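Down below is the structure, laid out as structure tokens.
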Amino acid sequence: MSNVEIQSSKSKTRGKVPGPHIKLPKSAKSPDAASAIAGSELAAVDLYKSYRKGHNEIPVLRGVNLRVGPGEMLAIVGQSGSGKSTLLHLLGTLDAPDSGEVYFEENRIDNLPSAGRDVLRNKHFGMIFQFYHLLPELTTLENVLMPLMIAQGVLRYRFCKQKNVRQAKHLLDMVGLSHRLKHKPSELSGGEMQRAAIARALVAEPDVLLADEPTGNLDKTTGEEILALLRSLNDERNLTIVMVTHDGAIARQADRTVVLVDGVVQEA
Amino acid sequence: MYKLLLCVRYLRTRYIALASIISVTLGVATMIVVNAVMQGFSHEMLDRMHDIGSDISVTGLGLDGFPDPEWHMNRIREVAGDDIEAMTSIVVVPAAISFQFNGQWITRHIDLVGIDAATHADVSNIGRFLQHPENRKQLSFLLRESGYDTRDHEGGADAKERLGLSPAGWEYRRQRAAWNQTRPQRDVMPEDVPAAADAGDDGAPPPDLFAAGRPPEAANVFDPAKQQNVGVVLGMALASIRDKEGVAHFMIRPGDDVRITFPTAGTPPQAMSDTFTVVDFYESKMSDFDSKFVAMPIKKLQELRGMIDPLTGVGNVTSIRVRLKPGRDLNDVRDKIQAAFPMPAPVRVSTWRDQQAPILAAVEMETVILNILLFMIIAVAGFGIVSTFFMIVVEKTRDIGILKSLGASGRGIAGIFVAYGFSLGTVGSLAGMGLGLLFVHYINEIAGWLGMLTGRELFDPAVYFFHEIPTIVHPFTVSWIVGGALVIAVLASVLPAIRAAMLHPVEALRHE
Ligand SMILES: Nc1ncnc2c1ncn2[C@@H]1O[C@H](COP(=O)(O)OP(=O)(O)OP(=O)(O)O)[C@@H](O)[C@H]1O
Ligand SMILES: [Mg+2]
């Protein structure tokens, strides 16, 4: 269902902007890239990203190549400051690379217009963060419903409300938070907040889950519970998961681990 | 959907924004109150001006007037008969009035207006301003026995008493005549005796109410206890002085005699002088009029000034006053009538609005400037909203990043803040409307309380002539003000909203 939308927005950009678009020559898949991304759910080709601080340019990513297969659970490890979060943001189209390409189901997504990227983040990617990032004014249930509210206008939301709420409750039940529906984030523990964040990431039935140190702020046991949850999502729902962590023990639970060193990705 | 939800949540948790909207509320309330009072005052003023004058005047160029008013009236009827309700003719001349007060002679400048008591009230609402209830129904230049109002009949329940108007009328005139008999030299005007003789000589003496009962030997001796001179209606401010408390002290009363000196017709004009008996007071509360206006019968004035053509017996008039049927367009009819008297006809046609044009323009200008100034207050409040909203956007930066990571568009995020501004603006301006309307409704009570608190009367009827603060609430004005405030609130939220929409999601997420 999702493919159609992405395809169309992509072909639109191609058809609409001929010569002057500077990125267009690059966007044409090189034979190399084509083979690199073939059959992948999410892929990065030759990503460069640097931050500018005054006159100095700090290169963070220097040609990252990465391929995540459908249903794969991938862990990205690396030292603090190595650029793991930066990479994850690029994969999730929250940021744009200086050069290089990001592909989702073999469609290029890093150069989509912002409306296309919004839809992508809303419907195809679920994101969870180290600091949970729940909205403090909303209850747990409302936080979980948020992606659906964003996707649907007032009328449509009202119309689908029962179904939406049922789905959100089901997910909250699954992460073990059914007794915390009406609580505000400030009334939840870290583990509970992260569970709520996971439920929120899943409510729109995404294809890929992007997790940035989901256990980084939790104690060992709670972290393991969260990881077990992600593990089961991957196993049972065949959800593609890209997880950033600097904890080797956690990374070992993934199907595959890559290391981010000196701005490039190496197989562990 | 999330826009609404978040907007509502922010409304409930961000009281600081409500504080910023209070200035909008106060601005709206002030504008409503000020406009209501301004409109009240100007409506009251215009209403009185309209009642003083007439819809349309056809006025001659000089003091001698133009001949044959009948012919002119017929001509007017020919061109605009359908629009016309009534007509009357008047003679206006500058004059001087003299009367004795506290043993001193006082002379003042007046506009002496000769009116036709029978038809004048059809055209001008003169009756409204008179002090005797019977005269209000039908003006008569004959002195009334008694019964003049001892309170301002337009003054409301707490109007000050006017003890000077009791006794007044024949009752008073008889008392004074008796008093003068005991001390004959005290009150005698230098020309009193010849004037009385004049009044007897010229063949049109004041109608003698007591002729039947009068002994024959007294027939040609003027007896002030039983006879009156020609009646005049005096402007209230000519006859009385107001003290600080707003109490009128009368220098003359109905029943007193005054001397009026006016120019005769012809070139050069001669000064002509006669004695008249005051029969009523005229109080329009427009001090310009009340301190100048003196009315007398038009026939008598035409006679005394020599304006009557000896051949036809028809008198000149200086002006024809026209009242239109309700709902007719003043300027339209004026132009029709003017067309019937093309230049160089010696008459000018004007509406009462034309005559009051400078005051009307001044009032309008005042209203516009005041509204601009007050709207500035709301605009200033708008800047308060801008800064508060920027603060909220900064505070909510991380949440904005979260929403973007969940797929919210920049437009959607901007929508949250614009909706937020709109709802705050609605709350603020509706509250302002309520406050303003409430204030207007209880304005006199509020002025009273404030007066009691400060020990100074805020709205002093002695100064303003109205017994309470007049207010008019135009729904159009109110909706205009409320709508304007709403637009300002929304505009003020647009800038912070755009700023929120443009936040970079990653930087927003990193924001602490
Ligand atoms: N907006 C920015 N401006 C300048 N430098 C930045 C910016 N954002 C990130 N960096 C730098 O980029 C590098 C990579 O940051 P990033 O957050 O991706 O690291 P990380 O691997 O996620 O680290 P951690 O494990 O601590 O979360 C860091 O050295 C950081 O200082
Ligand atoms: Mg990080």
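Seen from every direction in turn and averaged, the convex hull around the alpha carbons of the range B:237-321 projects onto 7.3 nm².
The interface between chain B and chain A buries about 2300 Å² of solvent-accessible area in total (1.4 Å probe, ligands and nucleic acids excluded).
Highest average first, the peptides B:348-358, B:101-111, A:102-112 ordered by how many other beta carbon atoms sit within 10 Å of their residues are A:102-112, B:348-358, B:101-111. With everything on Cα atoms, drop me the angle between helix B:410-441 and the longest principal axis of chain B, reported from 0 to 90° to the nearest 10. The two axes meet at around 30 degrees.
Using just its DSSP H runs of length 4 or more, each adding -39500 (n - 2.57), chain A gives a mean residue ellipticity at 222 nm of -13000 deg cm²/dmol after division by all residues.
Given the -39500 (n - 2.57) contribution per DSSP H run of 4+ residues, what per-residue ellipticity at 222 nm results for chain B, rounded to the nearest 500 deg cm²/dmol?
Value at 222 nm, helices only: -16000 deg cm²/dmol.
With the simple model of a label 7 Å out from the Cα in the direction of the Cβ, residue B:151 to residue B:16 spans 5.8 nm. Per atom type, the protein assembly as shown shows carbon and sulfur on 58% of its accessible surface, probed at 1.4 Å.
Take the Cβ-Cβ distance between residue B:68 and residue B:377 as r, set R0 to 60 Å, and report the resulting FRET efficiency rounded to the nearest 0.05. Efficiency, rounded to the nearest 0.05: 0.50. Net charge of the neighbourhood of residue A:243, taken over other residues with C-beta under 13 Å away and scored Lys/Arg +1, Asp/Glu -1, is -1.
Sequence-distant contacts, meaning Cα pairs under 8 Å at least 6 residues apart, place the relative contact order of chain B at 28 percent.
With 20 Å² as the minimum drop in accessible area between chain alone and full protein complex (1.4 Å probe), the qualifying residues in the range A:112-127 are A:118, A:121, A:127. Normalised by 2.2 N^0.38 Å, where N is the number of residues, the alpha-carbon radius of gyration of chain A equals 1.02.
Counting only protein heavy atoms and a 1.4 Å probe, chain B has 47 square angstrom of accessible area per residue. From the Kirkwood radius over Cα pairs of chain B, Stokes-Einstein at 20 °C and 1.002 mPa s returns a whole-number translational diffusion coefficient of 77 µm²/s. For the range B:384-492, the fraction of C-alpha pairs farther apart than 20 angstrom is 60 percent. Probing with 1.4 Å while keeping every protein chain in the model, the per residue accessible area of chain A equals 45 Å². Just report the Cα centroid separation between the range B:67-128 and the range A:115-192, whole Å. Centre-to-centre (Cα) distance: 84 Å. If r is the Cβ-Cβ distance from residue B:134 to residue B:175 and R0 is 30 Å, what FRET efficiency results, to the nearest 0.05? Once the sixth-power term is evaluated, E becomes 0.90.
Both radii are taken from the alpha-carbon atoms of the range B:1-139; with Rh as the Kirkwood radius, Rg/Rh is 1.34.
Within the straight-line cut-off of under 18 Å between alpha carbons, the aspartates and glutamates reachable from residue B:325 are B:47, B:51, B:55, B:78, B:82, B:83, B:85, B:122, B:335, sequence neighbours fewer than 8 places apart in one chain being disregarded.
The distance between label points at residue B:330 and residue A:55 comes to 7.8 nm (points 7 Å beyond Cα on the Cα→Cβ vector).
In this structure, the residue pairs whose Cα-Cα separation is over 22 Å, taken from A:49/A:84; A:182/B:404; A:123/B:404; A:163/B:3, are A:182/B:404.
Working from the Cα coordinates of the protein assembly as shown, the gyration tensor eigenvalues give, after taking √(5λ), semi-axes of 97, 28, 19 Å in decreasing order. Here r is the Cβ-Cβ distance between residue B:511 and residue B:43 and R0 is 35 Å; the resulting FRET efficiency, rounded to 0.05, is 0.05.
Helix B:192-201 and the long axis of chain B differ in direction by around 80°, with both axes built from C-alpha atoms.
Within 10 Å of each Cβ in A:92-100, how many Cβ atoms from other chains are there, averaged over the peptide?
The mean count of partner-chain Cβ atoms within 10 Å per residue comes to 2.
The values are calculated or read from the model by the stated rules, or taken from the named source; none is laboratory data. Not measured: the values here are computed from a predicted model. Every residue, glycine among them, receives a Cβ derived from its backbone with ideal geometry; neighbour counts consider all protein chains shown. The area values use the complete protein model at the heavy-atom level, side chains included, leaving out ligands, DNA and RNA. Shrake-Rupley method; radii C 1.70, N 1.55, O 1.52, S 1.80 Å.
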